[in-house]
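See below for the structure under consideration.
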Amino acid sequence: MTENRESLLSIRDFGVSFQRYDSRMGQTRLQVISNLHLTVYPGEILAVVGSSGSGKSLLALAILGMLPLNAVTGGEILYRGKELTPERQKQLRGKKIALVPQSVTFLDPLMKTGKQADGQGGTGLTQKRRDIFRRLGLPGKTENLYPFQLSGGMARRVLVSTALLTEAELILADEPTPGMSLEQALEALRMFREMAEEGRAVLLITHDLDLAVEFADRVAVFYAGTTVETARASDFQNGPDALRHPYSRALWESLPQNGFRPVNGFQPYAGNLPGGCPYAPRCPLRTARCETALPPVRTVRGGEVRCYDGA
Amino acid sequence: MALEAKNVFFRYTRKSPWVLEDCSLTIERGECVAVTGPSGYGKTTLARLLAGWQTPDKGEILADGKPLPTRGPCPVQLICQHPQEAINPRWKLRKVLEESGKLQEDRLGEFGIERAWLDRFAGELSGGELQRFCVARALLSGADYLVCDEISTMLDGITQAQIWETVLKEAKKRNLGIAVITHNFHLAKKLGSRRIDLTAR
(Lines give C-alpha, C1' and ligand atoms only; values in the text may rest on other atoms or scores of the structure.)
Protein backbone atom coordinates (compact mmCIF):
# COMPACT_ATOMS: atom_id res chain seq x y z
CA MET A 1 0.00 0.00 0.00
CA THR A 2 0.99 3.60 -0.30
CA GLU A 3 0.85 4.85 3.28
CA ASN A 4 4.53 5.65 3.53
CA ARG A 5 4.62 7.91 0.53
CA GLU A 6 4.11 11.61 0.96
CA SER A 7 0.49 12.50 0.30
CA LEU A 8 -0.65 15.16 -2.12
CA LEU A 9 -3.92 15.80 -0.38
CA SER A 10 -4.86 14.67 3.07
CA ILE A 11 -8.26 15.22 4.63
CA ARG A 12 -8.80 14.47 8.30
CA ASP A 13 -12.02 14.58 10.36
CA PHE A 14 -13.44 16.99 7.85
CA GLY A 15 -17.01 18.24 8.14
CA VAL A 16 -19.28 20.67 6.31
CA SER A 17 -22.48 22.08 7.69
CA PHE A 18 -24.86 24.70 6.38
CA GLN A 19 -26.16 27.54 8.47
CA ARG A 20 -29.89 27.79 7.84
CA TYR A 21 -32.70 29.94 9.08
CA ASP A 22 -35.60 27.95 10.43
CA SER A 23 -39.20 29.06 10.60
CA ARG A 24 -38.92 30.58 14.07
CA MET A 25 -36.32 33.18 13.11
CA GLY A 26 -33.63 31.06 14.68
CA GLN A 27 -30.66 29.50 12.96
CA THR A 28 -29.97 25.80 12.60
CA ARG A 29 -26.97 23.93 11.38
CA LEU A 30 -27.40 21.19 8.84
CA GLN A 31 -24.50 18.76 8.94
CA VAL A 32 -23.90 17.34 5.44
CA ILE A 33 -20.37 15.94 5.67
CA SER A 34 -18.87 14.64 8.88
CA ASN A 35 -15.77 12.72 9.94
CA LEU A 36 -14.42 12.50 6.42
CA HIS A 37 -11.04 10.84 5.97
CA LEU A 38 -9.30 10.76 2.62
CA THR A 39 -5.72 10.70 1.36
CA VAL A 40 -4.64 11.18 -2.24
CA TYR A 41 -1.12 10.20 -3.31
CA PRO A 42 0.73 11.50 -6.38
CA GLY A 43 0.44 9.18 -9.36
CA GLU A 44 -2.86 7.59 -8.46
CA ILE A 45 -6.51 7.74 -9.41
CA LEU A 46 -8.65 7.67 -6.30
CA ALA A 47 -12.34 7.12 -6.93
CA VAL A 48 -14.94 8.49 -4.54
CA VAL A 49 -18.08 6.40 -4.82
CA GLY A 50 -21.38 7.05 -3.14
CA SER A 51 -25.07 7.53 -3.77
CA SER A 52 -26.56 10.92 -4.50
CA GLY A 53 -26.78 13.02 -1.38
CA SER A 54 -23.73 11.39 0.19
CA GLY A 55 -21.69 14.61 -0.07
CA LYS A 56 -19.38 13.71 -2.98
CA SER A 57 -19.75 16.92 -4.96
CA LEU A 58 -19.48 19.09 -1.87
CA LEU A 59 -16.12 17.50 -1.17
CA ALA A 60 -14.71 18.84 -4.47
CA LEU A 61 -16.07 22.31 -3.81
CA ALA A 62 -14.69 22.23 -0.27
CA ILE A 63 -11.18 21.40 -1.49
CA LEU A 64 -11.32 24.37 -3.86
CA GLY A 65 -12.86 26.74 -1.32
CA MET A 66 -15.94 27.18 -3.47
CA LEU A 67 -18.63 26.22 -0.98
CA PRO A 68 -21.65 28.52 -0.62
CA LEU A 69 -21.21 31.36 1.85
CA ASN A 70 -23.39 29.80 4.52
CA ALA A 71 -21.20 26.70 4.74
CA VAL A 72 -19.19 26.10 7.90
CA THR A 73 -16.27 23.67 7.75
CA GLY A 74 -14.39 21.78 10.43
CA GLY A 75 -11.40 19.45 10.51
CA GLU A 76 -8.39 19.86 8.27
CA ILE A 77 -7.36 19.63 4.65
CA LEU A 78 -3.61 19.41 3.99
CA TYR A 79 -2.14 20.00 0.55
CA ARG A 80 1.44 18.78 0.26
CA GLY A 81 1.56 18.60 4.04
CA LYS A 82 0.53 22.21 4.63
CA GLU A 83 -2.89 23.42 5.63
CA LEU A 84 -5.09 24.49 2.75
CA THR A 85 -6.16 27.95 3.88
CA PRO A 86 -8.61 30.12 1.90
CA GLU A 87 -5.66 32.16 0.57
CA ARG A 88 -3.83 29.04 -0.60
CA GLN A 89 -7.01 27.69 -2.14
CA LYS A 90 -7.36 30.87 -4.19
CA GLN A 91 -3.75 30.61 -5.25
CA LEU A 92 -3.86 26.93 -6.20
CA ARG A 93 -7.24 26.50 -7.82
CA GLY A 94 -7.20 26.53 -11.60
CA LYS A 95 -3.42 26.17 -11.50
CA LYS A 96 -2.37 23.30 -9.25
CA ILE A 97 -5.84 21.97 -8.52
CA ALA A 98 -8.33 21.77 -11.38
CA LEU A 99 -12.01 20.90 -11.37
CA VAL A 100 -14.06 19.04 -13.95
CA PRO A 101 -17.46 20.24 -12.78
CA GLN A 102 -20.46 17.97 -12.72
CA SER A 103 -22.87 20.38 -14.32
CA VAL A 104 -22.50 21.76 -17.82
CA THR A 105 -23.89 25.02 -16.46
CA PHE A 106 -20.34 25.75 -15.28
CA LEU A 107 -19.53 26.80 -18.87
CA ASP A 108 -19.77 30.51 -19.71
CA PRO A 109 -22.75 30.75 -22.08
CA LEU A 110 -21.39 33.83 -23.85
CA MET A 111 -17.95 32.53 -24.72
CA LYS A 112 -16.96 30.22 -27.56
CA THR A 113 -15.88 26.87 -26.21
CA GLY A 114 -12.39 26.89 -27.73
CA LYS A 115 -11.46 30.18 -26.14
CA GLN A 116 -13.07 29.07 -22.93
CA ALA A 117 -11.06 25.87 -22.75
CA ASP A 118 -7.82 27.76 -23.39
CA GLY A 119 -8.60 29.93 -20.39
CA GLN A 120 -5.90 32.40 -19.49
CA GLY A 121 -3.11 30.15 -20.66
CA GLY A 122 -2.49 32.23 -23.78
CA THR A 123 -2.41 31.17 -27.42
CA GLY A 124 0.33 28.60 -26.89
CA LEU A 125 -2.30 26.22 -25.60
CA THR A 126 -4.44 26.26 -28.71
CA GLN A 127 -2.58 23.43 -30.44
CA LYS A 128 -2.60 21.28 -27.34
CA ARG A 129 -6.29 21.95 -26.88
CA ARG A 130 -7.02 20.96 -30.49
CA ASP A 131 -5.21 17.66 -29.86
CA ILE A 132 -7.27 17.01 -26.75
CA PHE A 133 -10.52 17.92 -28.52
CA ARG A 134 -9.61 15.52 -31.32
CA ARG A 135 -8.75 12.70 -28.94
CA LEU A 136 -12.07 13.14 -27.19
CA GLY A 137 -13.89 13.00 -30.54
CA LEU A 138 -14.94 16.65 -30.64
CA PRO A 139 -15.19 17.82 -34.26
CA GLY A 140 -12.92 20.68 -35.33
CA LYS A 141 -15.75 23.16 -35.52
CA THR A 142 -16.54 22.70 -31.82
CA GLU A 143 -14.12 25.45 -30.80
CA ASN A 144 -16.29 28.03 -32.58
CA LEU A 145 -19.53 26.92 -30.96
CA TYR A 146 -21.20 28.42 -27.93
CA PRO A 147 -22.17 26.10 -25.05
CA PHE A 148 -25.88 26.10 -25.97
CA GLN A 149 -24.97 24.60 -29.36
CA LEU A 150 -23.34 21.55 -27.76
CA SER A 151 -25.03 18.28 -26.87
CA GLY A 152 -24.77 17.13 -23.27
CA GLY A 153 -21.97 14.70 -24.05
CA MET A 154 -20.01 17.29 -26.05
CA ALA A 155 -20.27 19.85 -23.27
CA ARG A 156 -19.02 17.24 -20.82
CA ARG A 157 -15.99 16.57 -23.04
CA VAL A 158 -15.23 20.30 -23.25
CA LEU A 159 -15.30 20.43 -19.44
CA VAL A 160 -12.88 17.52 -19.22
CA SER A 161 -10.51 19.16 -21.69
CA THR A 162 -10.39 22.39 -19.66
CA ALA A 163 -8.90 20.44 -16.78
CA LEU A 164 -6.55 18.39 -18.97
CA LEU A 165 -5.09 21.60 -20.40
CA THR A 166 -3.91 22.91 -17.06
CA GLU A 167 -0.66 21.96 -15.38
CA ALA A 168 -2.62 20.88 -12.34
CA GLU A 169 -1.16 18.30 -9.96
CA LEU A 170 -4.59 17.34 -8.69
CA ILE A 171 -7.67 16.96 -10.88
CA LEU A 172 -11.06 16.79 -9.21
CA ALA A 173 -13.35 15.13 -11.75
CA ASP A 174 -16.97 15.25 -10.64
CA GLU A 175 -19.02 12.70 -12.62
CA PRO A 176 -17.05 13.36 -15.82
CA THR A 177 -18.46 10.65 -18.09
CA PRO A 178 -22.30 10.57 -18.17
CA GLY A 179 -23.64 11.48 -21.61
CA MET A 180 -20.45 10.37 -23.36
CA SER A 181 -20.41 7.26 -25.52
CA LEU A 182 -18.43 4.33 -24.17
CA GLU A 183 -15.45 5.02 -26.47
CA GLN A 184 -15.33 8.69 -25.49
CA ALA A 185 -15.61 7.89 -21.81
CA LEU A 186 -12.80 5.36 -22.10
CA GLU A 187 -10.63 7.89 -23.93
CA ALA A 188 -11.26 10.52 -21.25
CA LEU A 189 -10.35 8.03 -18.56
CA ARG A 190 -7.24 6.95 -20.44
CA MET A 191 -6.17 10.59 -20.48
CA PHE A 192 -6.68 10.77 -16.72
CA ARG A 193 -4.51 7.67 -16.41
CA GLU A 194 -1.77 9.29 -18.48
CA MET A 195 -1.84 12.27 -16.14
CA ALA A 196 -1.53 9.98 -13.14
CA GLU A 197 1.44 8.28 -14.75
CA GLU A 198 3.13 11.67 -14.99
CA GLY A 199 2.92 11.83 -11.19
CA ARG A 200 -0.22 13.87 -10.95
CA ALA A 201 -3.33 12.66 -9.13
CA VAL A 202 -6.98 12.36 -10.07
CA LEU A 203 -9.91 12.31 -7.68
CA LEU A 204 -12.68 10.63 -9.67
CA ILE A 205 -16.05 11.36 -8.12
CA THR A 206 -18.76 9.00 -9.38
CA HIS A 207 -21.84 7.03 -8.43
CA ASP A 208 -20.84 4.27 -10.84
CA LEU A 209 -19.00 1.54 -8.98
CA ASP A 210 -18.21 -0.41 -12.18
CA LEU A 211 -16.42 2.60 -13.61
CA ALA A 212 -14.54 3.29 -10.40
CA VAL A 213 -13.31 -0.26 -10.02
CA GLU A 214 -12.27 -0.42 -13.66
CA PHE A 215 -10.21 2.77 -13.71
CA ALA A 216 -9.12 3.75 -10.22
CA ASP A 217 -6.27 2.46 -8.10
CA ARG A 218 -8.19 2.88 -4.88
CA VAL A 219 -11.85 3.43 -4.11
CA ALA A 220 -13.24 5.47 -1.22
CA VAL A 221 -16.84 4.62 -0.37
CA PHE A 222 -19.05 7.44 0.89
CA TYR A 223 -22.21 6.99 2.85
CA ALA A 224 -24.27 9.84 4.29
CA GLY A 225 -21.35 12.27 4.34
CA THR A 226 -18.77 9.88 5.82
CA THR A 227 -16.10 7.70 4.25
CA VAL A 228 -16.96 4.23 5.46
CA GLU A 229 -14.16 2.43 3.63
CA THR A 230 -11.14 3.03 1.43
CA ALA A 231 -10.08 -0.07 -0.45
CA ARG A 232 -7.89 -1.08 -3.35
CA ALA A 233 -9.89 -1.29 -6.58
CA SER A 234 -8.77 -4.92 -6.84
CA ASP A 235 -10.61 -5.68 -3.59
CA PHE A 236 -13.86 -4.93 -5.40
CA GLN A 237 -12.86 -7.24 -8.22
CA ASN A 238 -12.16 -9.99 -5.71
CA GLY A 239 -15.67 -9.79 -4.33
CA PRO A 240 -17.38 -9.12 -1.01
CA ASP A 241 -14.98 -11.14 1.13
CA ALA A 242 -12.12 -8.81 0.25
CA LEU A 243 -14.15 -5.78 1.36
CA ARG A 244 -14.31 -4.46 4.88
CA HIS A 245 -17.49 -2.48 5.46
CA PRO A 246 -21.02 -3.95 5.30
CA TYR A 247 -22.12 -1.06 3.08
CA SER A 248 -19.36 -1.67 0.52
CA ARG A 249 -20.29 -5.33 0.44
CA ALA A 250 -23.96 -4.48 -0.02
CA LEU A 251 -23.05 -2.07 -2.81
CA TRP A 252 -21.07 -4.80 -4.56
CA GLU A 253 -23.88 -7.31 -4.18
CA SER A 254 -26.43 -4.86 -5.59
CA LEU A 255 -24.78 -4.74 -9.02
CA PRO A 256 -26.75 -6.55 -11.73
CA GLN A 257 -23.84 -8.92 -12.43
CA ASN A 258 -23.36 -9.74 -8.73
CA GLY A 259 -26.82 -10.74 -7.58
CA PHE A 260 -28.81 -7.50 -8.03
CA ARG A 261 -29.69 -7.62 -4.34
CA PRO A 262 -31.31 -4.51 -2.83
CA VAL A 263 -31.05 -3.46 0.83
CA ASN A 264 -34.08 -2.21 2.70
CA GLY A 265 -34.25 1.34 3.93
CA PHE A 266 -32.76 4.64 2.80
CA GLN A 267 -29.66 6.66 3.28
CA PRO A 268 -30.39 9.05 6.18
CA TYR A 269 -30.83 12.72 5.42
CA ALA A 270 -28.43 15.44 6.30
CA GLY A 271 -29.68 16.92 9.57
CA ASN A 272 -31.29 13.63 10.42
CA LEU A 273 -28.22 11.46 10.83
CA PRO A 274 -28.18 8.79 13.51
CA GLY A 275 -25.80 9.34 16.40
CA GLY A 276 -23.44 6.49 15.66
CA CYS A 277 -22.57 4.80 12.39
CA PRO A 278 -24.78 6.25 9.61
CA TYR A 279 -25.26 2.77 8.15
CA ALA A 280 -26.32 1.19 11.45
CA PRO A 281 -30.10 1.36 10.79
CA ARG A 282 -29.68 -0.82 7.67
CA CYS A 283 -26.74 -2.92 8.79
CA PRO A 284 -27.13 -6.66 9.38
CA LEU A 285 -24.17 -6.67 11.80
CA ARG A 286 -25.16 -3.74 14.01
CA THR A 287 -24.80 -3.87 17.75
CA ALA A 288 -25.90 -1.40 20.44
CA ARG A 289 -22.47 0.25 20.22
CA CYS A 290 -22.92 1.08 16.51
CA GLU A 291 -25.99 3.14 17.29
CA THR A 292 -24.33 5.37 19.84
CA ALA A 293 -20.77 6.07 18.69
CA LEU A 294 -19.20 6.34 15.25
CA PRO A 295 -16.48 3.71 14.89
CA PRO A 296 -12.94 5.10 14.51
CA VAL A 297 -10.95 4.62 11.30
CA ARG A 298 -9.00 1.37 11.41
CA THR A 299 -6.52 -0.07 8.98
CA VAL A 300 -7.57 -3.56 8.00
CA ARG A 301 -5.82 -5.62 5.32
CA GLY A 302 -4.27 -2.58 3.69
CA GLY A 303 -7.46 -0.57 3.57
CA GLU A 304 -9.21 1.83 5.91
CA VAL A 305 -12.59 1.10 7.41
CA ARG A 306 -14.96 2.68 9.88
CA CYS A 307 -16.64 -0.31 11.42
CA TYR A 308 -16.45 -2.12 14.74
CA ASP A 309 -16.90 -5.37 12.93
CA GLY A 310 -14.97 -4.60 9.75
CA ALA A 311 -13.28 -7.93 9.23
CA MET B 1 -51.49 -8.98 -26.64
CA ALA B 2 -48.47 -6.87 -27.46
CA LEU B 3 -47.08 -3.41 -27.87
CA GLU B 4 -46.02 -2.94 -31.46
CA ALA B 5 -44.19 -0.36 -33.50
CA LYS B 6 -44.94 -0.93 -37.19
CA ASN B 7 -42.65 0.61 -39.80
CA VAL B 8 -42.22 3.78 -37.79
CA PHE B 9 -40.52 6.83 -39.33
CA PHE B 10 -39.79 9.89 -37.24
CA ARG B 11 -37.85 13.12 -37.49
CA TYR B 12 -38.06 16.27 -35.38
CA THR B 13 -38.39 18.81 -38.23
CA ARG B 14 -39.13 18.40 -41.91
CA LYS B 15 -35.57 19.31 -42.82
CA SER B 16 -33.72 17.17 -40.29
CA PRO B 17 -32.65 13.58 -41.01
CA TRP B 18 -34.76 10.65 -39.87
CA VAL B 19 -34.12 9.71 -36.27
CA LEU B 20 -35.97 6.45 -36.78
CA GLU B 21 -36.37 4.98 -40.21
CA ASP B 22 -38.68 2.05 -40.81
CA CYS B 23 -38.40 0.86 -37.23
CA SER B 24 -40.50 -2.12 -36.17
CA LEU B 25 -40.56 -4.03 -32.93
CA THR B 26 -42.91 -6.05 -30.75
CA ILE B 27 -43.03 -6.36 -26.98
CA GLU B 28 -45.34 -9.08 -25.71
CA ARG B 29 -47.25 -8.85 -22.43
CA GLY B 30 -45.20 -10.47 -19.68
CA GLU B 31 -41.82 -10.03 -21.33
CA CYS B 32 -39.01 -7.64 -20.53
CA VAL B 33 -37.02 -6.52 -23.54
CA ALA B 34 -33.74 -4.63 -23.37
CA VAL B 35 -33.26 -1.93 -26.00
CA THR B 36 -29.62 -0.96 -26.45
CA GLY B 37 -27.61 1.28 -28.74
CA PRO B 38 -25.09 4.11 -28.54
CA SER B 39 -26.23 7.65 -27.86
CA GLY B 40 -27.75 9.35 -30.86
CA TYR B 41 -29.40 6.23 -32.25
CA GLY B 42 -32.87 7.29 -31.17
CA LYS B 43 -33.40 5.26 -28.02
CA THR B 44 -35.16 8.08 -26.18
CA THR B 45 -37.12 9.07 -29.29
CA LEU B 46 -38.32 5.48 -29.62
CA ALA B 47 -39.34 5.51 -25.95
CA ARG B 48 -41.36 8.70 -26.43
CA LEU B 49 -43.06 7.31 -29.52
CA LEU B 50 -43.96 4.02 -27.82
CA ALA B 51 -45.58 5.89 -24.94
CA GLY B 52 -47.43 8.33 -27.17
CA TRP B 53 -45.48 11.45 -26.12
CA GLN B 54 -44.72 11.94 -29.79
CA THR B 55 -46.54 10.64 -32.89
CA PRO B 56 -44.70 8.96 -35.75
CA ASP B 57 -44.51 10.74 -39.12
CA LYS B 58 -45.21 7.43 -40.82
CA GLY B 59 -46.14 4.02 -39.45
CA GLU B 60 -48.07 3.26 -36.28
CA ILE B 61 -47.81 2.32 -32.62
CA LEU B 62 -50.35 -0.25 -31.45
CA ALA B 63 -51.11 -1.46 -27.93
CA ASP B 64 -53.00 -4.74 -27.98
CA GLY B 65 -53.82 -4.11 -31.62
CA LYS B 66 -55.33 -0.65 -31.04
CA PRO B 67 -53.74 2.78 -31.63
CA LEU B 68 -52.80 4.62 -28.42
CA PRO B 69 -55.75 6.60 -27.01
CA THR B 70 -55.57 10.39 -27.35
CA ARG B 71 -57.38 11.00 -24.06
CA GLY B 72 -57.51 9.24 -20.70
CA PRO B 73 -54.64 7.30 -19.16
CA CYS B 74 -52.34 5.75 -21.73
CA PRO B 75 -51.83 1.97 -21.40
CA VAL B 76 -48.15 2.56 -22.19
CA GLN B 77 -46.37 4.59 -19.51
CA LEU B 78 -42.94 6.15 -19.86
CA ILE B 79 -40.50 6.54 -16.96
CA CYS B 80 -37.72 9.01 -17.75
CA GLN B 81 -34.05 9.15 -16.87
CA HIS B 82 -34.23 12.33 -14.82
CA PRO B 83 -37.15 12.21 -12.39
CA GLN B 84 -36.59 15.88 -11.56
CA GLU B 85 -37.67 16.75 -15.09
CA ALA B 86 -40.78 14.58 -14.99
CA ILE B 87 -42.23 16.03 -11.79
CA ASN B 88 -43.74 19.47 -11.36
CA PRO B 89 -41.38 21.20 -8.91
CA ARG B 90 -44.19 23.38 -7.56
CA TRP B 91 -46.41 20.50 -6.57
CA LYS B 92 -46.19 18.51 -3.41
CA LEU B 93 -45.56 14.87 -4.17
CA ARG B 94 -49.04 13.92 -2.99
CA LYS B 95 -50.44 15.86 -5.95
CA VAL B 96 -47.87 14.30 -8.28
CA LEU B 97 -49.10 10.83 -7.36
CA GLU B 98 -52.73 11.90 -7.69
CA GLU B 99 -52.09 12.44 -11.40
CA SER B 100 -52.63 8.71 -11.75
CA GLY B 101 -55.95 8.67 -9.90
CA LYS B 102 -57.10 8.65 -6.30
CA LEU B 103 -54.20 8.19 -3.93
CA GLN B 104 -54.00 4.65 -2.53
CA GLU B 105 -52.02 5.32 0.63
CA ASP B 106 -51.98 1.67 1.63
CA ARG B 107 -50.02 0.78 -1.51
CA LEU B 108 -47.17 3.25 -0.97
CA GLY B 109 -45.13 0.64 0.88
CA GLU B 110 -44.95 -1.53 -2.23
CA PHE B 111 -43.13 1.27 -4.01
CA GLY B 112 -40.79 2.07 -1.15
CA ILE B 113 -42.39 5.46 -0.55
CA GLU B 114 -42.56 6.84 2.98
CA ARG B 115 -45.73 8.66 3.90
CA ALA B 116 -43.80 11.71 5.13
CA TRP B 117 -42.47 12.34 1.62
CA LEU B 118 -45.97 13.11 0.30
CA ASP B 119 -45.92 16.56 1.84
CA ARG B 120 -42.56 17.53 0.38
CA PHE B 121 -41.63 19.20 -2.87
CA ALA B 122 -39.46 17.51 -5.49
CA GLY B 123 -36.43 19.60 -4.51
CA GLU B 124 -36.52 18.10 -1.03
CA LEU B 125 -36.00 14.50 -2.11
CA SER B 126 -33.07 12.71 -3.72
CA GLY B 127 -33.13 11.40 -7.28
CA GLY B 128 -33.65 7.82 -6.16
CA GLU B 129 -36.58 8.80 -3.96
CA LEU B 130 -38.18 10.84 -6.73
CA GLN B 131 -37.75 7.98 -9.18
CA ARG B 132 -39.90 5.83 -6.88
CA PHE B 133 -42.69 8.36 -7.32
CA CYS B 134 -42.33 8.18 -11.10
CA VAL B 135 -42.50 4.39 -10.95
CA ALA B 136 -45.53 4.48 -8.64
CA ARG B 137 -47.28 7.10 -10.79
CA ALA B 138 -46.77 5.01 -13.93
CA LEU B 139 -47.90 1.74 -12.33
CA LEU B 140 -50.87 3.12 -10.39
CA SER B 141 -52.34 4.53 -13.58
CA GLY B 142 -53.21 0.96 -14.54
CA ALA B 143 -50.70 0.71 -17.37
CA ASP B 144 -50.20 -2.55 -19.25
CA TYR B 145 -46.81 -1.61 -20.69
CA LEU B 146 -43.87 0.27 -19.24
CA VAL B 147 -41.11 1.99 -21.15
CA CYS B 148 -38.14 2.55 -18.84
CA ASP B 149 -35.67 5.01 -20.38
CA GLU B 150 -32.41 4.71 -18.41
CA ILE B 151 -34.42 4.94 -15.20
CA SER B 152 -31.60 3.85 -12.91
CA THR B 153 -28.56 5.28 -14.71
CA MET B 154 -28.07 8.13 -12.28
CA LEU B 155 -28.63 5.98 -9.19
CA ASP B 156 -26.22 4.02 -7.03
CA GLY B 157 -26.30 0.23 -7.15
CA ILE B 158 -28.44 -0.34 -4.08
CA THR B 159 -31.09 2.17 -5.11
CA GLN B 160 -31.05 0.73 -8.63
CA ALA B 161 -31.66 -2.76 -7.28
CA GLN B 162 -34.48 -1.44 -5.04
CA ILE B 163 -36.26 0.28 -7.94
CA TRP B 164 -36.03 -2.73 -10.23
CA GLU B 165 -37.21 -5.11 -7.52
CA THR B 166 -40.38 -2.99 -7.26
CA VAL B 167 -40.91 -2.82 -11.01
CA LEU B 168 -40.33 -6.53 -11.60
CA LYS B 169 -42.60 -7.61 -8.73
CA GLU B 170 -45.44 -5.50 -10.10
CA ALA B 171 -44.70 -6.64 -13.66
CA LYS B 172 -45.03 -10.26 -12.66
CA LYS B 173 -48.28 -9.65 -10.78
CA ARG B 174 -49.88 -7.75 -13.65
CA ASN B 175 -48.21 -9.45 -16.57
CA LEU B 176 -46.76 -6.17 -17.83
CA GLY B 177 -44.74 -5.81 -21.00
CA ILE B 178 -41.58 -3.80 -20.37
CA ALA B 179 -39.07 -2.09 -22.63
CA VAL B 180 -35.82 -1.38 -20.78
CA ILE B 181 -33.63 1.19 -22.45
CA THR B 182 -30.12 1.06 -21.05
CA HIS B 183 -26.49 1.22 -22.03
CA ASN B 184 -25.45 -0.86 -19.02
CA PHE B 185 -24.58 -4.21 -20.51
CA HIS B 186 -24.91 -6.09 -17.21
CA LEU B 187 -28.31 -4.57 -16.50
CA ALA B 188 -29.56 -5.39 -20.00
CA LYS B 189 -28.43 -8.98 -19.58
CA LYS B 190 -29.99 -9.31 -16.14
CA LEU B 191 -33.36 -7.81 -17.01
CA GLY B 192 -34.02 -8.55 -20.64
CA SER B 193 -35.31 -11.89 -21.86
CA ARG B 194 -34.13 -10.68 -25.25
CA ARG B 195 -32.32 -7.69 -26.63
CA ILE B 196 -33.11 -5.25 -29.44
CA ASP B 197 -30.03 -3.45 -30.73
CA LEU B 198 -30.81 -0.21 -32.56
CA THR B 199 -27.48 -0.27 -34.41
CA ALA B 200 -28.43 -3.57 -36.03
CA ARG B 201 -30.91 -1.95 -38.36
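The values are calculated or read from the model by the stated rules, or taken from the named source; none is laboratory data. Everything quoted here is computed from the prediction, not taken from an experiment. Counting neighbours? That spans all protein chains shown, and the Cβs are built from the backbone with ideal geometry, glycine included. SASA here: full protein model, heavy atoms, side chains in, ligands and nucleic acids out. Shrake-Rupley method; radii C 1.70, N 1.55, O 1.52, S 1.80 Å.
What separates the Cα centres of the stretch A:7-31 and the stretch A:91-162 is a distance of 32 Å.
Computing FRET efficiency as 1/(1 + (r/R0)^6) for A:M66 and A:S23, where r is the C-beta to C-beta distance and R0 is 30 Å, gives about 0.55.
Over chain B, give the accessible area per residue in Å² for a 1.4 Å probe, as an integer. Don't jump to the answer; show the numbers that get you there.
On the way: 9720 Å² over 201 residues.
Per-residue accessible area for chain B comes out at 48 Å².
Summarising the strand pairing of chain B, around 45 percent of its internal DSSP beta bridges are antiparallel.
Report the antiparallel proportion of the DSSP beta bridges in the protein assembly as shown as a percent, rounded to a multiple of 5.
Numbers: 45 of 81 bridges.
Bridges in the protein assembly as shown are about 55 percent antiparallel.
Whenever you get a sec, compute what percent of the accessible area on chain A sits on carbon and sulfur atoms (1.4 Å probe). That share works out to 51 percent. Could you look at chain B and say what percent of its accessible area is carbon and sulfur, using a 1.4 Å probe and all protein chains? That fraction is 48 percent. When you filter the trypsin sites (Lys or Arg not before Pro) in the stretch B:26-89 for DSSP loop state and at most 10 other Cβ atoms inside 10 Å of their Cβ, you are left with B:R71. Sorting A:R218, A:R93 on solvent-accessible area from highest to lowest, probe radius 1.4 Å, gives A:R93, A:R218. What residues from the stretch B:50-81 fall in the zone where the backbone N is under 17 Å from a label point 7 Å along the Cα-to-C-beta line of B:F9? Counting only backbone N, you get B:55-61. Fully extending the segment from B:K169 to B:R195, taken as 0.36 nm per residue of separation minus the present Cα-Cα distance, adds 7.3 nm. Among A:L46, A:L294, A:L243, the residue with the largest mean-square fluctuation in a Gaussian network model of chain A, with springs joining Cα atoms closer than 10 Å, is A:L294. Given a 1.4 Å probe and the protein chains as shown, B:F121 ends up with an accessible area of around 80 Å².
Probe of 1.4 angstrom, ligands and nucleic acids ignored: what's the accessible area per residue over the stretch A:1-133, in square angstrom? If you can, show how the numbers build up before the last one.
Values: 6980 Å² over 133 residues.
Solvent-accessible surface per residue comes out at 53 Å².
In order along the stretch A:94-108, the phi-based Karplus estimate (6.51 cos²θ - 1.76 cosθ + 1.60, θ = phi - 60°) of 3J(HN,Hα) comes to x, 10, 8, 10, 10, 10, 9, x, 6, 9, 5, 6, 6, 6, 6 Hz; Gly and Pro are listed as x.
Using DSSP loop states and a limit of at most 11 other Cβ atoms within 10 Å to flag GluC sites (Glu not before Pro), what is the longest stretch of chain A containing no flagged site? The reported range is A:7-166.
On average, how many beta carbons from a partner chain sit within 10 Å of the beta carbon of a residue in B:144-157? If you can, show how the numbers build up before the last one.
Numbers: counts 0, 0, 0, 0, 0, 0, 1, 0, 1, 3, 5, 4, 15, 18.
Mean inter-chain Cβ contacts per residue within 10 Å come to 3.
Note on the protein assembly as shown: helix-only mean residue ellipticity at 222 nm, from DSSP H runs of 4+ residues weighted -39500 (n - 2.57) and normalised by residue number, equals -8000 deg cm²/dmol. Spread over its residues, the convex hull of the C-alpha atoms of chain A is 150 Å³ per residue.
Quick one: putting +1 on the C-beta of Lys and Arg, -1 on the C-beta of Asp and Glu, what dipole do you get for the stretch B:1-144 around its Cα centre, in Debye to the nearest 20? It would help to have the intermediate numbers written out before the result.
On the way: 20 positive and 19 negative charges, 111 e Å.
Dipole size: approximately 540 debye.
Out of the DSSP beta bridges found with both residues in the stretch A:169-257, what percent are antiparallel (nearest 5)?
On the way: 6 of 11 bridges.
Around 55 percent antiparallel, to the nearest 5.
Rounded to the nearest 100, the interface formed by chains B and A buries 1900 square angstrom of accessible surface, both chains summed, with a 1.4 Å probe. Across the stretch B:47-90, the residues whose backbone nitrogen lies under 19 Å from the label position 7 Å along the beta-carbon direction of B:A2 are B:47, B:49-52, B:59-68, B:75-77. Working from Cα positions, state the angle (0 to 90°, nearest 10) between the long axis of helix B:157-174 and the longest principal axis of chain B. Between the helix axis and the principal axis of chain B, the angle is about 80 degrees.
Rounding to the nearest 20 debye, state how big the charge dipole of the protein assembly as shown is about its Cα centre with +1 on each Lys and Arg Cβ and -1 on each Asp and Glu Cβ.
Details: 66 positive and 57 negative charges, 153 e Å.
In total the dipole reaches around 740 debye.
Note on A:K128 and A:S181: with the Förster distance fixed at 35 Å, the Cβ-Cβ geometry gives a FRET efficiency of about 0.90.
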